[in-house]
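Data first, discussion second: the structure below is written as structure tokens.
The values are calculated or read from the model by the stated rules, or taken from the named source; none is laboratory data. On a predicted model such as this, the values are computed, not experimentally measured, just so you know. No Cβ is skipped: glycine too gets one built from the backbone with ideal geometry, and neighbour counts run over all protein chains shown.
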Amino acid sequence: MRLDRFLWFARLTKTRSTAQAVATNSRLRIDGRPIDRAHAAVRIGNVLTFLSNNTIRVVRIEALPPRRGPAPEARACYTELTENVSQQAGPD
């Protein structure tokens with residue numbers, strides 16, 4: 001499945017164009033690799049890291065949704081791993 005479609009179907013972004021912008025601005029990583037294209041393929045088990053509302057979000061893909069459904073259905077498609085990530089910038 002395309003990265004931008006997954007972000008939109010799973011309700012991680014409000015619009016598909018926002019999902020494309022997140023991917024093309026190199027603000028997203030799949031399994032630690034920086035991504036610069038919205039058509040990158042995602043699979044079950046991939047870990048996505050991206051900036052959302054000035055917060056680093058880390059999610060693991062659990063299922064590929066067939067459509068943009070209601071929020072509870074979308075939430076079942078990923079596991080939030082953000083709790084394990086420090087939100088503060090380290091010393092440079």
(request) Starting from region 50-74, keep only residues that are within 23 Å of residue 25 (Cα to Cα), then list their pairs with residues that are among the acidic types (Asp, Glu) and in a strand (DSSP E or B) whose Cβ atoms are within a distance under 8 Å, requiring at least 6 positions of separation or different chains. (result) 57/80; 58/80; 59/80
(request) Restricting attention to region 59-92, report how many residues are touching a Ser or Thr at 6+ places or on another chain (Cβ under 8 Å) and either modelled with pLDDT of 95 or more or basic (Lys, Arg) (or both). (result) 3
(request) Output the residue which, of all residues in region 1-43 that are among the acidic types (Asp, Glu) and closer than 18 Å to residue 61 by Cβ, is nearest to the chain's Cα centre (by Cα). (result) 4
(message) Can you name every one of the strands (runs of 3 or more DSSP E) wholly within region 1-86 that holds 1 or more residues which are touching a Gly at 6+ places or on another chain (Cβ under 8 Å) and among the β-branched types (Val, Ile, Thr)?
(response) 47-52, 55-61
(message) Just to be sure I understand, how many residues within region 1-34 are more than 18 Å from residue 75 (Cβ to Cβ), among the hydrophobic types (A, V, I, L, M, F, W, C) and surrounded by fewer than 20 Cβ atoms within 10 Å (Cβ to Cβ)?
(response) 2
